[in-house]
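Step one of this worksheet: look at the structure below.
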Number of protein chains: 2
Amino acid sequence: MNAIILSVGDELVLGQTVDTNSAWISQQLAAVGCGVLAHVTVADDQAGIERAIRDALPLCDYLIISGGIGPTEDDLTRQALGVVMNQPLELNEHWLRYLEEFFQKRGRSMPPANKIQAMIPRGAKMISNSAGTAAGIDAISGGTRIFVMPGVPKEMKIMFTRDVLPHIAGAGKGAVILSRTLHTFGLGESSVAEKLGDLMNRTRNPSVGTTVANGIVSLRVNARFDSREEAERRLDETADACRVALGDLIFGQNDETLPHVVASLLANPEPETHRARTVSTAESCTGGLLAKMLTDIPGSSRYFKQGWITYSNQSKYERLGVSMEIINIYGAVSENVVESMAANARRLAKSDYALAISGIAGPDGGSATKPVGTVCIALAWADAADKKLSVVEKRTFLFPGDREMIRDRSAKMALTMLRYHLLQTKMPF
Amino acid sequence: MNAIILSVGDELVLGQTVDTNSAWISQQLAAVGCGVLAHVTVADDQAGIERAIRDALPLCDYLIISGGIGPTEDDLTRQALGVVMNQPLELNEHWLRYLEEFFQKRGRSMPPANKIQAMIPRGAKMISNSAGTAAGIDAISGGTRIFVMPGVPKEMKIMFTRDVLPHIAGAGKGAVILSRTLHTFGLGESSVAEKLGDLMNRTRNPSVGTTVANGIVSLRVNARFDSREEAERRLDETADACRVALGDLIFGQNDETLPHVVASLLANPEPETHRARTVSTAESCTGGLLAKMLTDIPGSSRYFKQGWITYSNQSKYERLGVSMEIINIYGAVSENVVESMAANARRLAKSDYALAISGIAGPDGGSATKPVGTVCIALAWADAADKKLSVVEKRTFLFPGDREMIRDRSAKMALTMLRYHLLQTKMPF
């Protein structure tokens, strides 16, 4: 059982409006086990709409169309559908009366243009619209059932949920697609795929695919089975298998972000003191981004008290006591400098942990030995013998991309270093 | 001259990711007079990709494909293109070396899976990717020129702008659509529309429409004329009319952001000393976001030296010398506290300006007198008589929305206060 989703509208092909309807409809269809072959978007042009309908009909069980059924001259979906089905448009008296009453209630008479909204191809059924004047159309052509809905997302969603989805869900007899997304950070997409091995085999069900967004490599697990129970069980199994293959590289799932995960690890109280752990930050090239991420989370004041942005060398010395000699000998972007930043930030803030970042975000400032993308990160924690002293782990990374990417990856890597430390496992990169 | 835009990815047809690439590409094409016939989206399925390419080729001058050229088994666009073009995939030695070096620089050897990214159909050209490992493909089939780009929006946009659009723009003759976007911050969309009046008439050419994104109300001016010269002239005229209607409310155009604009105002040297002005930051609820915005701009070290994130009351006192008495009497979210934060940050950092923010970002922490969204912002500058002393402007705002929106609006409003001060005009809200 499969569908093609067709969206109609000049504003869509001109790029003035991002099509969110298709993604929403796809999610609804997936949940009842109806696969989606394609999304197609065409302009308010009758020949183009006709061609899109004609091309789609032989391929799919359901053709879900939205848009182009308003009252104006550029609304041409019903006309195109009539031509493809080779059926004349007929007036639906019932909907015409509804339209007349709709305007009457608002103290106006119906503009003549709206009459077209009561016309549908002969043999088709009208779907009433409780939120507007554009009725939908329910038609059959060959082996394909066609639903036409308004393009306005709000009206479309009401109609789809009430009058379209139940027909498709009923036909599917229980088959469902359930999905889960698992997130990793630190290794590239190909390395993640290598570790997953056969799990990524294209013929596997549940299937595992990878996507990348802002340095986060995510695994999408899709389980397609006849019953929800089986889909759930098999989805769990495959997600577990991914966790076995990738271990702690997986930091979270679905809506969870790195800051979320670090926040909940920090909030986990210390066995001795029953208090949440705290972290402070000392940032150079990220300019506050790391602290911003840590405070994205509601309730972050439990674990985050303060941070420094020491962008200039002078401020690294004045605010955090990094010695000018160290800066002059090793450079501001060095493990020695971030070590000193982290240890001193931890001491001043009296926090359990401190993270420090100094790097070359570009586009300028790179050199042969320290190219743009070179970033040093340090994590300080309490020495076991004397809690006032710090133990510092420091690392140097080379991140690809532009200024924004380098800053983003730097902050995420700092969170990742803290995350592995809190998990008490070694970072695998 | 027309194009079809094809997007490839399971996450798109499953509705897990909304396709924003197609709208963006459409806008770019419209700007050079290239019409878009359709957007088509298919899954990571080779037969489906082949069919989509085959269906599109006879209809369009340009086929713009994004997605499906990563290194993993579910990336099948290059294979599908090879089949449709009836050409074998050949190894591009140049890109293979680039890939090997890419991994070498990062201290790793190239995973074998990545080799596929150096393969393209015989006769096609490779398009280099400055932001990742997925090179693009430039091919011709029949009368259609085909461009294949990565699906990652950021990489796609860089490649499209540098290596795809110039070919299409050069081919266009005659009628063009030119666009310009003017950005405002501080007033709502309807207030902006009211000030624009007749300029927003739907039948006007150039047309003026408004869009809102992240609190920025933007005017999009589209000029559609037969010649580029006329379109440019008329676009300038309408943009000028918008500036007359809105004055300094317009802070920038096209890609310019508030940080850009503030950065260039600060970089403007002082008449007396010929040096750039500097700004420091003291943030509570925004947690580093304001400093992050100020350092988004390359070369920000000219005007930004340091900042504090004083999230806890204790840190406001210890780091910035805000008296505990003031905090206890007026509360951490008060004009008195941000006044002290700004004046002391300016003094400690020896900067020309200092911005301070303290507010209730939510979801918790609100009260009847200070609901969630209450944010106090202060701007400190040098007293004319004694430059070591600060004059402080302070304001209280009530921002709508969730935690992320409130933090975003707070940082933007702080930048806006500084912008109006640097322009020496009064903020109209």
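The values are calculated or read from the model by the stated rules, or taken from the named source; none is laboratory data. Model, not experiment: these values are computed from the prediction. FYI the Cβ positions are ideal-geometry reconstructions off the backbone, even for glycines, and counts take in every protein chain you see. What goes into the accessible areas is simple: the full protein's heavy atoms, side chains included, and nothing from ligands, DNA or RNA. Shrake-Rupley method; radii C 1.70, N 1.55, O 1.52, S 1.80 Å.
Could you figure out which of (1) open to solvent by less than 30 Å² (accessible area, probe 1.4 Å); (2) farther than 27 Å from B:Gln314 by Cβ; (3) not in a loop (DSSP other than H, G, I, E, B) isn't true of B:His421?
Every condition holds for B:His421 apart from (1).
Look at region A:43-57 and say how many of its residues are more than 23 Å from B:Asp44 (Cβ to Cβ) and in contact with a helix residue (DSSP H, G or I) (Cβ under 7 Å, 6 or more places away or on another chain).
First pass over region A:43-57, keeping only residues more than 23 Å from B:Asp44 (Cβ to Cβ): A:43-51, A:53-54, A:57.
This time we only want the ones that are in contact with a helix residue (DSSP H, G or I) (Cβ under 7 Å, 6 or more places away or on another chain), so: A:43-44, A:46, A:49-50, A:53-54.
Number satisfying all stated conditions: 7.
Among the residues of region B:1-15, are any small (Gly, Ala, Ser), closer than 28 Å to A:Asp198 by Cβ, in a helix (DSSP H, G or I) and facing chain A (nearest Cβ under 7 Å)?
Looking for residues that are small (Gly, Ala, Ser), closer than 28 Å to A:Asp198 by Cβ, in a helix (DSSP H, G or I) and facing chain A (nearest Cβ under 7 Å), one finds none in region B:1-15, hence no.
Mind checking which pairs have a first residue in region A:280-298 that is on the phi > 0 side of the Ramachandran plot and a second that is among the small types (Gly, Ala, Ser) and not in a loop (DSSP other than H, G, I, E, B), Cβ under 9 Å, 6 or more apart or different chains?
Pairs that qualify, where the first residue is on the phi > 0 side of the Ramachandran plot and the partner is among the small types (Gly, Ala, Ser) and not in a loop (DSSP other than H, G, I, E, B), are A:Gly287/B:Ala291; A:Gly287/B:Ser300; A:Gly287/B:Gly307; A:Gly288/A:Gly307; A:Gly288/B:Ala291; A:Gly288/B:Gly307.
Do the conditions hold for B:Ser109, that is, is it among the hydroxyl-bearing types (Ser, Thr, Tyr) and either within 27 Å of A:Ile5 (Cβ to Cβ) or in contact with a Cys (Cβ under 9 Å, 6 or more places away or on another chain) (or both)?
no
Residues B:Gly70, B:Gly48: which one is surrounded by 17 or more Cβ atoms within 10 Å (Cβ to Cβ), within 14 Å of another protein chain (Cβ to nearest Cβ) and assigned to a loop (DSSP other than H, G, I, E, B)?
B:Gly70
Considering region B:122-161 alone, what residues qualify as being touching a Ser or Thr at 6+ places or on another chain (Cβ under 9 Å), away from every other protein chain (no Cβ under 13 Å) and either in a loop (DSSP other than H, G, I, E, B) or over 18 Å from B:Ser22 (Cβ atoms) (or both)?
B:Ala135, B:Ile137
Out of region A:201-210, which residues are buried (at least 22 other Cβ atoms within 10 Å of the Cβ) and facing chain B (nearest Cβ under 10 Å)?
If the condition is that a residue be buried (at least 22 other Cβ atoms within 10 Å of the Cβ) and facing chain B (nearest Cβ under 10 Å), then A:Val208, A:Gly209, A:Thr210 are the ones that fit.
Would you list the helices (runs of 4 or more DSSP H) that sit entirely within region B:285-358 and hold 1 or more residues that are within 33 Å of the chain's Cα centre (by Cα)?
Values: elements: B:289-294, B:313-320, B:324-330, B:335-349.
Passing ranges, in order: B:289-294, B:313-320, B:335-349.
State whether one or more residues within region B:73-91 are within 13 Å of another protein chain (Cβ to nearest Cβ), open to solvent by less than 10 Å² (accessible area, probe 1.4 Å) and of a type outside the set (A, V, I, L, M).
Yes: one or more hits.
Regarding A:Glu283, is this residue more than 9 Å from chain B (Cβ to nearest Cβ) and either surrounded by fewer than 24 Cβ atoms within 10 Å (Cβ to Cβ) or in contact with a helix residue (DSSP H, G or I) (Cβ under 8 Å, 6 or more places away or on another chain) (or both)?
Considered against the rule, which asks whether it is more than 9 Å from chain B (Cβ to nearest Cβ) and either surrounded by fewer than 24 Cβ atoms within 10 Å (Cβ to Cβ) or in contact with a helix residue (DSSP H, G or I) (Cβ under 8 Å, 6 or more places away or on another chain) (or both), A:Glu283 comes out as no.
Please verify whether A:Ser109 is in contact with a Phe, Trp or Tyr (Cβ under 9 Å, 6 or more places away or on another chain), assigned to a loop (DSSP other than H, G, I, E, B) and farther than 24 Å from A:Ile53 by Cβ, treating the condition exactly as stated.
Yes; evaluated as a whole, the condition is true for this residue.
Which residues, counting only those in region B:16-42, are of a type in the set (Gly, Ala, Ser), at the interface with chain A (Cβ under 7 Å from one of its Cβ atoms) and either in contact (Cβ under 8 Å) with a residue 60 or more places away in the chain or farther than 19 Å from B:Phe160 by Cβ (or both)?
The answer is B:Ala30, and nothing else.
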